[in-house]
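Student: Have a look at this one before I ask anything.
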Amino acid sequence: MNLKSLLNQLGQHKNELAVSILLPTHRTFPDNKQDAIMLKNLIREAEDRLNARLDKRETEVIIDAINKKIDGLDHNYNLDSLGIFASRHNTVVTRFPFAAQARVIIDDTFAVRDLVREMNEAVHYHILIISRTSARLVEAFNDRPVREFDEKTALRTGSFPMENPFLFAAKGLDRAQVPNEAGNLKEFFNRVDKGLQEIQNNPENERLPVIIVGDARNVAFFKEVCDQPADIVGAITSVPDLKIPAEKIVSEVQDVLAEYRLNQAKTALQHIVQARNANQLLTDFSTIFRAITEGNAVRLFVRQGYIQPGVIDVEKKIVTIDENVASANAVDDVVDTFIELVMQQGGEICFLSAEQLGTEAPLGLQTKY
């Protein structure tokens, strides 16, 4: 699931009718029973608002397309929110692993800015759980699981969970006495890695950092055979029961995830220092905007939670800070505009806490030259 790519694609939709329907959802029964009711009410609201501005036949085409997309939507698989993005030509329905406020927005762009910020501030990752007998793969987002892979994800090597076909069952023998036990285990982990890499390399997915869970010996063996060891950002070898539900596995890796976040912040701060030393660090809003529009953006550094209303003069490439969002031509958040533009160019967004930034500006751009 490449949510960043999807949101980036939706963010490029401009100057044409765009219907955005967002609603919070529930992961478990019976709370998720109310999700279908809320969804129906929001679609009805969207229909009423479209009828007020479009021909009734045109409204019917859009609403029919939405209803076809959600027909058979199983709310038992809901995450934390649901988004529907419809235009005259296409409709996209997707689940998000973070909360969203219930609303209907009809505009000439899709309402994805809050979602983009949420995605970039979070950590989206895989957890690979390995033992000598089997392997599981969980996709997670911060402290919540998104899904555990199963046979619905068909791979060339089979599917997750994977069972070890090389087990040598010999009564009275421990692992050290089993003939070629280490070699067989590495061959199994090689198959597991091929399955992992097939998922990681799928263009429809986002390549994610990976946390390994298993005993120390198995983790070491897996790292030996892994084709992309740089993807592995941490490991935990202290989970006694590897068959626990995904929710508990995600809880177990939070310390490793916190360390990963800290390392990411340290790397971002190093980039700031390098950019400053090379005279490639911008902090003035107008200068940042000009650099982004010229395709001269590498990384945007943003203080977590930083919002700045302002006015963007696209022709003159001048950004004026304006706390009065009600003023003419003002946008609610200039920072979100910058985030969206940098993402469209394939640049990196680095969110840092106020404590991590220290005396650094709350917004900075590292340029290519």
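Student: Residue 76: in contact (Cβ under 8 Å) with a residue 24 or more places away in the chain, open to solvent by 40 Å² or more (accessible area, probe 1.4 Å), of a type outside the set (A, V, I, L, M, F, W, C) and out of contact with any Ser or Thr (no Cβ under 6 Å at 6 or more places or on another chain), yes or no? First the steps, then the outcome.
Tutor: Working: in contact (Cβ under 8 Å) with a residue 24 or more places away in the chain: yes; open to solvent by 40 Å² or more (accessible area, probe 1.4 Å): yes; of a type outside the set (A, V, I, L, M, F, W, C): yes; out of contact with any Ser or Thr (no Cβ under 6 Å at 6 or more places or on another chain): yes.
Criteria met by residue 76.
Student: Another question, if that's okay. For the range 341-361, give me each residue that is farther than 18 Å from residue 263 by Cα and among the aliphatic types (A, V, I, L, M).
Tutor: 341, 342, 343, 361
Student: How many of the residues in the range 8-41 are open to solvent by 50 Å² or more (accessible area, probe 1.4 Å), among the hydroxyl-bearing types (Ser, Thr, Tyr) and not in a loop (DSSP other than H, G, I, E, B)? Full working, then the answer.
Tutor: Filtering the range 8-41 down to residues open to solvent by 50 Å² or more (accessible area, probe 1.4 Å) leaves 9, 12, 14-16, 26-31, 33-34, 37-38, 40-41.
From what is left, the residues that are among the hydroxyl-bearing types (Ser, Thr, Tyr) are 28.
Subset that is not in a loop (DSSP other than H, G, I, E, B): none.
Looking only at that region, the number is 0.
Student: A further question follows. Which of the residues spanning the range 116-139 are over 19 Å from residue 189 (Cβ atoms), open to solvent by 10 Å² or more (accessible area, probe 1.4 Å) and not β-branched (Val, Ile, Thr)?
Tutor: 117, 118, 120, 121, 122, 124
Student: In the range 42-60, which residues are loosely packed, with under 13 Cβ neighbours inside 10 Å and either within 20 Å of residue 107 (Cβ to Cβ) or touching a helix residue (DSSP H, G or I) at 6+ places or on another chain (Cβ under 8 Å) (or both)?
Tutor: Start the filter on the range 42-60 by keeping residues that are loosely packed, with under 13 Cβ neighbours inside 10 Å, which leaves 44, 48, 52-53, 55-57.
Correct list: 44, 48, 52, 53, 55.
One line per residue, one yes/no per condition, for (1) open to solvent by 40 Å² or more (accessible area, probe 1.4 Å); (2) among the aromatic types (Phe, Trp, Tyr); (3) under 17 Å from the mean Cα position of the chain (by Cα):
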position: 63; (1), (2), (3): no, no, no
position: 71; (1), (2), (3): yes, no, no
position: 88; (1), (2), (3): yes, no, no
position: 95; (1), (2), (3): yes, no, yes
position: 100; (1), (2), (3): no, no, yes
position: 112; (1), (2), (3): no, no, yes
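Student: Then there's this: Residue by residue through the range 204-218, note down the ones that are touching a residue at least 40 places away in the same chain (Cβ under 8 Å) and either over 25 Å from residue 240 (Cβ atoms) or open to solvent by 10 Å² or more (accessible area, probe 1.4 Å) (or both). Talk me through it step by step, then tell me what you get.
Tutor: Quick first cut of the range 204-218, residues touching a residue at least 40 places away in the same chain (Cβ under 8 Å) only: 204-206, 208-215, 218.
Result: 204, 205, 206, 208, 209, 215.
Student: Further question: Quick test of your reading of the structure: residue 19 fulfils all but one of (1) under 22 Å from residue 95 (Cβ atoms); (2) at pLDDT below 95. Name the failing condition by number.
Tutor: It is condition (2) that residue 19 fails.
Student: Restricting attention to the range 148-166, and to residues there that are at negative phi and not in a loop (DSSP other than H, G, I, E, B), which single residue is surrounded by the most Cβ atoms within 10 Å (Cβ to Cβ)?
Tutor: The first filter runs over the range 148-166 and keeps only residues at negative phi, leaving 148-157, 159-166.
Retained after the next criterion (residues that are not in a loop (DSSP other than H, G, I, E, B)): 148, 155, 162-163.
Working: 148: 18, 155: 18, 162: 22, 163: 10.
Per the criteria, the residue is 162.
Student: Turning to a different aspect of this structure: Enumerate the pairs (first residue in the range 22-39 and in contact (Cβ under 8 Å) with a residue 12 or more places away in the chain and of a type outside the set (Gly, Ala, Ser); second residue anywhere and open to solvent by 10 Å² or more (accessible area, probe 1.4 Å) and not in a loop (DSSP other than H, G, I, E, B)) with beta-carbon separation below 6 Å, excluding pairs fewer than 6 apart on the same chain, so at least 6 apart or on different chains.
Tutor: 22/103; 23/38; 23/42; 32/75; 35/75
Student: Go through (1) assigned to a helix (DSSP H, G or I); (2) out of contact with any Pro (no Cβ under 8 Å at 6 or more places or on another chain); (3) of a type outside the set (A, V, I, L, M, F, W, C) and name the single condition residue 223 misses.
Tutor: (2)
Student: What is the number of the single condition among (1) within 30 Å of residue 186 (Cβ to Cβ); (2) open to solvent by 60 Å² or more (accessible area, probe 1.4 Å); (3) of a type in the set (Asp, Glu) that residue 247 does not meet?
Tutor: Going through the list (1) within 30 Å of residue 186 (Cβ to Cβ); (2) open to solvent by 60 Å² or more (accessible area, probe 1.4 Å); (3) of a type in the set (Asp, Glu), residue 247 breaks only (1).
Student: For the range 6-22, give me each residue that is over 18 Å from the mean Cα position of the chain (by Cα) and under 21 Å from residue 80 (Cβ atoms).
Tutor: Answer for the range 6-22, where residues must be over 18 Å from the mean Cα position of the chain (by Cα) and under 21 Å from residue 80 (Cβ atoms): 20, 21.
Student: While we're looking at this one, here's another question. Within the range 181-193, can one find any residue that is at pLDDT 95 or above, under 30 Å from residue 27 (Cα atoms), under 28 Å from the mean Cα position of the chain (by Cα) and crowded, with 18+ Cβ neighbours inside 10 Å?
Tutor: yes
The values are calculated or read from the model by the stated rules, or taken from the named source; none is laboratory data. Keep in mind the model is a prediction, meaning the values are calculated, not measured. No Cβ is skipped: glycine too gets one built from the backbone with ideal geometry, and neighbour counts run over all protein chains shown. The area values use the complete protein model at the heavy-atom level, side chains included, leaving out ligands, DNA and RNA. Shrake-Rupley method; radii C 1.70, N 1.55, O 1.52, S 1.80 Å.
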